[in-house]
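Beneath this line is the structure, given in structure tokens, with notes to follow.
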Amino acid sequence: QVQLVESGGGLVQPGGSLRLSCTASGSIFSIYAMGWYRQAPGRQRELVAITTSDGNTTYVDSVKGRSTISRDNAKNTVYLQMSSLKSEDTAVYFCYAERVWVPATGFDDYWGQGTQVTVSS
């Protein structure tokens, strides 16, 4: 059983910063990509940032230049550092792990439960 546990959400003032963390646990042999999606009320879930095991990263245009995604492969953990936060960053942020290899069950993708980020004064 693979689980993704997120932390680091909360209430932040406009212009502030936060760091989200997500750790994957279970009988994991490897993970191809880890990243973050977000979903605001009334909107579709969108990719925020993702990083692959070979070092490629992708960011949604709206967070480029003010966000950094990083990964600790030894800990199966991904981080998202966000700064200069805006009200439009308010959303539930979901951790995502793609092509997780568990020897007993093979490859699969997993989602975390989500963590709320609210940017407001």
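Among the residues of the range 1-33, what is the count of those that are touching a Lys or Arg at 6+ places or on another chain (Cβ under 6 Å) and either within 24 Å of A104 (Cα to Cα) or outside any loop (DSSP other than H, G, I, E, B) (or both)?
1
Of all residues being open to solvent by 20 Å² or more (accessible area, probe 1.4 Å) and in contact (Cβ under 8 Å) with a residue 24 or more places away in the chain in the range 62-72, which is farthest from V119 (Cα to Cα)? Just the residue, please.
Ranking the candidates gives R71 first.
Each row is one residue, and each column tells you yes or no for (1) among the charged types (D, E, K, R); (2) under 13 Å from C22 (Cβ atoms); (3) at pLDDT 95 or above.
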{"site": "Q44", "(1), (2), (3)": "no, no, yes"}
{"site": "T58", "(1), (2), (3)": "no, no, yes"}
{"site": "S70", "(1), (2), (3)": "no, yes, yes"}
{"site": "K75", "(1), (2), (3)": "yes, yes, yes"}
{"site": "Y79", "(1), (2), (3)": "no, yes, yes"}
{"site": "E88", "(1), (2), (3)": "yes, no, yes"}
{"site": "Y96", "(1), (2), (3)": "no, yes, yes"}
{"site": "V100", "(1), (2), (3)": "no, yes, yes"}
{"site": "D109", "(1), (2), (3)": "yes, no, yes"}
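What are the residues in the range 80-107 that are part of a loop (DSSP other than H, G, I, E, B) and in contact (Cβ under 8 Å) with a residue 12 or more places away in the chain, if any?
Hits for the range 80-107 are S83, S84, L85, K86, T90, P103, A104.
Scan the range 48-61 and report the pairs whose first residue is more than 20 Å from V117 (Cβ to Cβ) and part of a strand (DSSP E or B) and whose second residue is of a type in the set (K, R) and open to solvent by less than 50 Å² (accessible area, probe 1.4 Å), with Cβ atoms within less than 6 Å and a gap of 6+ or a chain change.
As it stands, the answer is none, since no pair meets every condition given.
Checking R38 against (1) open to solvent by 80 Å² or more (accessible area, probe 1.4 Å); (2) under 19 Å from L4 (Cβ atoms); (3) in contact with a helix residue (DSSP H, G or I) (Cβ under 9 Å, 6 or more places away or on another chain), which test does it fail?
R38 satisfies all of (1) open to solvent by 80 Å² or more (accessible area, probe 1.4 Å); (2) under 19 Å from L4 (Cβ atoms); (3) in contact with a helix residue (DSSP H, G or I) (Cβ under 9 Å, 6 or more places away or on another chain) except (1).
For G42, state whether it is more than 21 Å from G8 (Cα to Cα), within 16 Å of the chain's Cα centre (by Cα) and in a loop (DSSP other than H, G, I, E, B).
Taking the combined requirement at face value, the residue does not satisfy it.
Name the residues in the range 108-121 that are in a strand (DSSP E or B), in contact (Cβ under 8 Å) with a residue 40 or more places away in the chain and either open to solvent by 40 Å² or more (accessible area, probe 1.4 Å) or not β-branched (V, I, T) (or both), would you?
Within the range 108-121, D108, Y110, W111, Q116, T118 meet the criteria.
Against the condition out of contact with any helix residue (DSSP H, G or I) (no Cβ under 7 Å at 6 or more places or on another chain), of a type in the set (G, A, S), on the phi < 0 side of the Ramachandran plot and open to solvent by 50 Å² or more (accessible area, probe 1.4 Å), how does A33 come out, does it pass?
Criteria not met by A33.
The values are calculated or read from the model by the stated rules, or taken from the named source; none is laboratory data. Please read these numbers as outputs of a predicted model, since none were measured by experiment. Neighbour counts run over all protein chains shown; Cβ positions are idealised from the backbone, glycine included. The accessibility values were calculated without ligands, DNA or RNA, using every heavy atom of the protein model including side chains. Shrake-Rupley method; radii C 1.70, N 1.55, O 1.52, S 1.80 Å.
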